[in-house]
Structures are given as structure tokens and as C-alpha cells.
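Here the structure is laid out as C-alpha cells; the discussion comes afterwards.
Bear in mind that the values in this text are calculations on the coordinates, not laboratory data. Here the structure is a predicted model, which is why all the values come from computation and not from measurement. Reconstructed Cβ throughout: ideal geometry from the backbone, glycine too, with neighbour counts over all protein chains shown.
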Amino acid sequence: MASYSAVLSRPGVARIMGSQLLARFAFGMMSLAIVLHIQQSFKSYAIAGIALGAETVGAAISGPIAGRVLSKFGPQRLIRILALLSSTGLLVVAFEHTNAILVIAVCLIVGLTSPPIQQVARAVYPTLIKPKETSHLFSLDATLQELLWVFGPVLATMISATYSTTVSVVFMAGVQIVGTFLFSQNKELGVLKMESSKKRLGGVLKKPIVMANVLINLMLVASFGGAEVGTVAVLGIRDAGVVIAVLSLGSIVGGFAFGHRAKTKWALLKFVGVTTVGYLAVFLHPTDLIWITICWFVAGLGVAPAFATMASMISLSFKAGDSAEAYGWANTAQLLGYSGGAAIAGIIIDNLYPGAAWFVTLTAGSLATIAALATVRFNPSLEHKE
């Protein structure tokens with residue numbers, strides 16, 4: 001914990017980290033809030049699912065592109081413009097209750113205009129710390145990100161139940177605008193020098209470290225999709241929410257306990273391996289509430305440290321201009337991975353039985369582990385001198 005305190009004591013770190021979490025809080029609410037609202041508006045889970053899928057596809061497309069043009073337009077201007085467009089789209093979704101095609105199209109636009117808050121923050125971070133503190137800072141960042149996925153869905157549900165789903169979506173749009181504006185006000189964004197990349201769009205993918213990150217992010221997050229859908233199918237909606245939250249709780253614990261210990265090229269493999277062990281253990285008692293909860297906590301222990309380690313590797317391997325695009329591709333992989341894992345798990349559940357989703361989770365986790373092992377030679381050392 002002392003290492004985290006030292007990082008937070010660096011000028012600007014706590015301010016930027018806090019403001020970017022506020023700016024990104026809407027993302028923690030978005031999936032559930034959109035599904036609840038559109039389902040209630042059109043009385044159709046199919047329309048709600050298609051709309052959420054459109055938003056996900058839009059965000060997957062925008063990630064690398066937004067990261068690519070940050071140097072051209074400047075981070076402050078770009079994230080403000082995109083946040084305004086995205087939040088306006090959310091307001092349209094909130095108040096349009098008759099035209100499903102329009103809502104789906106607007107959800108696509110919401111995704112396409114997602115402000116690249118995380119890419120900007122991760123481009124700024126290295127300018128605030130010593131090189132040896134890189135893994136500590138990214139570990140803390142990844143750990144705190146889990147708070148979005150713990151409290152975001154809970155708040156979306158509470159607002160929808162207490163007031164209405166429309167209020168929930170409007171609140172989400174407001175948080176995004178206010179949070180992004182506050183984040184953009186940080187002076188460090190104004191002086192951030194991001195050289196224009198000399199590579200074509202996608203050129204960073206030629207670097208083995210980026211492709212390794214994309215593959216591991218894709219498979220690791222696909223395992224989450226399978227785990228969440230499977231948990232709902234096996235335990236029911238009432239218990240599933242708490243059990244899934246325990247996975248995030250495990251991630252928070254793992255981030256604080258182990259994230260700063262990532263020092264060698266083998267760190268990523270160890271963290272992904274821990275998560276896969278948790279998935280494997282669930283087969284011992286695949287329908288038991290308490291056992292699944294324990295397994296998901298164990299699986300979560302490796303999540304935040306794994307994401308932090310991958311972010312640190314990108315930061316150490318590229319300058320700000322290229323790193324923003326690399327983070328964008330990693331984000332795209334996560335979005336596609338979750339959607340794919342959840343979809344495959346749903347198909348298998350419908351055609352076999354609820355617990356069959358665990359095979360999707362374990363397979364995806366195992367593939368992430370294999371990818372981490374196969375690409376370990378490309379990993380930069382995370383241990384630095386002063």
C-alpha cells in the first residue's frame with residue numbers, strides 16, 4: 001500500500017485519476033441502463049439487445065480511431081466534442097419511445113462518439129511519475145476501474161426502480177458531460193505533447209506486444225461474458241447480481257494486494273493463470289451458490305493485476321501518440337470479447353443446459369493463458385531503476 005500512497009502523492013495523479021473515474025462512470029451504468037430503458041419503452045428484449053449491440057459495435061470501432069486522432073485535434077477538444085455528441089444521443093434514447101429503428105441507430109452513434117477518456121488518462125500518467133512507478137500507477141488505476149462495474153449497475157437499477165428508466169439514462173448523460181468537462185479541465189491535458197503517429201491506422205498492431213495484448217484482452221473478457229451469462233442462467237437473477245459483484249470484489253482485492261508486485265515478464269501469465277484456476281475450480285460444484293461465489297472471487301484476484309500489467313507494457317513500449325491507439329485496440333478487443341463470450345454462452349445454454357456456460361468461460365480463460373504463455377518473450381520488463 002505504501003507504493004500506492006507514493007504514487008498518489010505525485011502532483012496531479014490523484015486529481016486526474018479521480019476526474020477520469022467520474023468521466024467514465026457512465027460506462028459502468030450504460031449496459032444495464034440502456035437494456036432496462038429500451039425494454040420498458042418497446043416491451044422487447046430483442047430490440048434492447050440489438051440496441052446495446054449497436055452501441056457496443058460503435059464503441060469498438062471508435063476506440064482505435066479516437067486514439068489515433070487525439071494528436072491531431074488535441075485531447076481536451078476531442079473528448080469535449082465527443083462527450084457532447086454521445087450525451088446528446090443518450091438524451092434522444094431517453095425520450096424516444098416510438099421509433100425503434102431510430103433508437104438503435106442513435107445507440108450506434110452513442111458508441112461511435114464515446115470519448116476516449118481512458119486512453120487520454122493513460123497517455124498522461126507516464127508524464128506524472130518515475131518510470132519505476134509505472135506498474136504501481138496502472139495497477140491502482142485498473143483496480144479503481146472495478147468500482148465502475150460494482151456501483152454503476154447498482155445505481156442504474158436504483159434510479160430506474162425509484163424514479164424511472166428515463167431518469168436513469170438522463171442521469172447517465174449528465175454524469176458523462178460533467179465528468180468529461182471536469183477531466184478536460186486538468187492542466188496536464190492542455191500541455192500533453194502527443195506526436196502524430198507516422199504509422200497508418202492499425203500500424204501499431206504490427207508490434208507483437210500490441211497483438212499479444214489484443215488477443216489476451218479478447219479472450220479474458222470473453223471469459224467474463226460467459227461467466228456472467230452462466231451465473232444468471234445457473235443461479236437466477238436474484239442471486240446472480242451479488243455473485244457477479246464478488247468477481248469484481250476479488251479484482252479489487254487482487255489489484256491492491258498483487259498489482260504492484262508485477263516486475264518480471266512472467267507477471268501477466270501468473271495473473272491470467274490465477275483467473276483460469278478460479279474458472280476450472282467451479283466444475284467441482286457447478287451449481288452450488290457458495291462454491292461459485294468462492295470461485296469467482298478467486299478468479300477475480302487476477303483480473304485487475306492482469307489489466308494493469310498489460311496497460312503498463314503498452315505505456316513502456318510506445319510514445320503517447322501510438323500508445324493511445326494501442327489502448328484503443330485493446331478496448332475494442334474487450335468489447336468484442338465480452339459480446340462474443342456472452343453470445344456463445346447464451347447459445348450453448350439454450351441448446352444444452354445452464355452449467356454448460358462454464359465450458360465457454362474456461363475455454364476463453366485457457367486461451368488467454370496460452371496466449372500469455374506464447375507471447376511472454378515479447379513482454380518488456382516492468383522493473384525499473386530510478
request  = Have a look at region 333-384 and give its Rg and Dmax from the Cα atoms, expressed in angstrom.
outcome  = 15.0, 51
Peptides ranked, highest mean first, by Cβ atoms within 10 Å: ranges 97-104, 229-236, 340-347 = 229-236, 340-347, 97-104
task = Determine, for each peptide in 77-86, 217-226, 301-310, the mean count of other beta carbons within 10 angstrom over its residues, then list the peptides with the highest first.
result = 301-310, 217-226, 77-86
note = Quotient of Cα radius of gyration and Kirkwood radius for the chain, i.e. Rg/Rh, equals 0.95
request  = Using Cα pairs closer than 8 Å and at least 6 residues apart in sequence, work out the relative contact order for the chain, in percent.
outcome  = 27
query = How far is the Cα center of region 93-156 from the Cα center of region 302-343, in Å?
reply = 12
note = Long-range alpha-carbon pairs in region 201-386, meaning those over 27 Å apart, account in percent for 26
Cα gyration tensor category, rounded, prolate or oblate, for region 57-182 with a/c compared to 1.5 = oblate
query = If you place +1 on the Cβ of every Lys and Arg and -1 on the Cβ of every Asp and Glu, how big does the dipole about the Cα centre of region 201-386 come out, in debye to the nearest 20?
reply = 620
note = From DSSP H assignment alone, runs of 4+ in the chain each adding -39500 (n - 2.57), the sum over residues rounded to the nearest 500 puts [θ] at 222 nm at -27000 deg cm²/dmol
message = For the ranges 165-177, 35-47, what's the packing order if you count other beta-carbon atoms within 10 Å of each residue, average per peptide, and put the highest first?
response = 165-177, 35-47
